[in-house]
Amino acid sequence: MLAPAEGGLLDLLESSQRPCVLLKVPRKQGKLTLLCDAKTDGSFLVHHFLSFYLKANCKVCFVALIQSFSHYNIVGQKLGVSLTTARERGQLVFLEGLKSSVDVFFRSQEEPHPLQFLREANTGNLQPLFEFVREALKPGDNAEAAWRCPVLLVDDLSVLLSLGVGAVAVLDFIHYCRATVCCELKGNIVTLVHDSGDAEDEENDVLLNGLSHQSHLILRAEGLATGFCRDVHGQLRILWRRPSQLTAQRDRSLTYQYKIQDKSVSFFAKGMSPAVL
């Protein structure tokens, strides 16, 4: 059956007869959600989480390494949120990687920059980026009291590998972010990673496997094995990972197909697309 057009992903997760482990704010906090795409574009998942957390009045730090601010703002307006307004009121802290990657080369060495590793011989040093995240989400004065749980959103971590950062350094960065955002601040982390499907890409495999073991919820968007289809754009695998101490319980997974529309995404069971019924 079709999920409702508005908030389709949220309704899909809640309809699984299990409380939504991440999207209910503030019922479950301190969670890491991994978004993964293989042979398709999974950016619609990033846009969903970004718009959801802004609507939920959360404080969001968005490390955007793949697109410009205007791109996310245009998509956000279709989903009912204004990133410009959120940034002006202090709810959204936005790091525009495309622009910042150029700015870093025109700053003096003494000036700190989140992407400092781009001009250093040691490209594995992501401490300035972590310091940026910690500073963006740390509790402030009374003006910050209105925001709900802090959220770190990264789109996407695979870009760091392309820039020469090793998978171990990226995993260390996420480890420190989890310690700060999830454990200390009781917030959530959502990050996207590409699955290249290349068996020789060991760094990507190390990153993907490492994050999978740390995640509480994994959403994997995949292209159709049969190729392009006008009415079905791909399938979404949802995996809820159980806490390690609950060894008697197994991880639970479900698979749905989806169609991306202009202002929403429709989800349905395999073979249940309206086009084939």
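The values are calculated or read from the model by the stated rules, or taken from the named source; none is laboratory data. Bear in mind the structure is a predicted one, so any value in this text is a computation, not a measurement. Please note: Cβ atoms are built from the backbone with ideal geometry, for glycine as well, and neighbour counts cover all protein chains shown. Just so you know, the surface numbers come from the protein's heavy atoms only, side chains and all, with ligands and any DNA or RNA stripped out. Shrake-Rupley method; radii C 1.70, N 1.55, O 1.52, S 1.80 Å.
In the structure displayed, which of Lys31/Lys186; Lys39/Lys99; Lys138/Lys186 lie more than 19 Å apart, Cα to Cα?
Violating the 19 Å Cα-Cα cut-off are Lys39/Lys99.
What is the sum of charges, Lys and Arg at +1 and Asp and Glu at -1, for the other residues whose Cβ falls under 13 Å from the Cβ of Ala64?
Around Ala64, the charge tally is -1.
Using θ = phi - 60° and the Karplus relation 6.51 cos²θ - 1.76 cosθ + 1.60, list the HN-Hα couplings for segment 222-238 in order, rounded to whole Hz, with x at every Gly or Pro.
10, x, 6, 5, 7, x, 5, 9, 5, 9, 9, 8, x, 10, 10, 9, 10
Taking the Cβ of Val190 as the centre, find all other residues whose Cβ is under 11 Å away and add up their charges (Lys, Arg: +1; Asp, Glu: -1).
-1
Given R₀ = 22 Å, what would the calculated FRET efficiency be for Asp41 paired with Leu163, taking r from the Cβ atoms and rounding to 0.05?
My answer for the efficiency is 0.60.
Can you give the extra length, in nm with one decimal, that the chain gains between Glu131 and Lys55 once fully stretched, where that is 0.36 nm per residue apart less the Cα-Cα distance?
Once the chain is fully extended between Glu131 and Lys55, it gains 24.8 nm.
Working with all protein chains in place, sort Ile260, Ile174, Ile218, Ile74 by solvent-accessible area computed with a 1.4 Å probe, largest first.
If we order Ile260, Ile174, Ile218, Ile74 from most to least accessible, we get Ile74, Ile260, Ile218, Ile174.
Using only the Cα atoms, what convex hull volume per residue in Å³ does segment 34-92 have?
86
Can you give the accessible area of Ser264, probe radius 1.4 Å, in Å² rounded to 10?
Counting only protein heavy atoms, the figure is 20 Å².
Once every Cα of segment 31-189 carries one equal point scatterer and solvent is ignored, give the base-10 log of I(q)/I(0) from the Debye formula at q = 0.17, 0.18 Å⁻¹, two decimals.
Calculated log10 I(q)/I(0) at the listed q: -1.07, -1.20.
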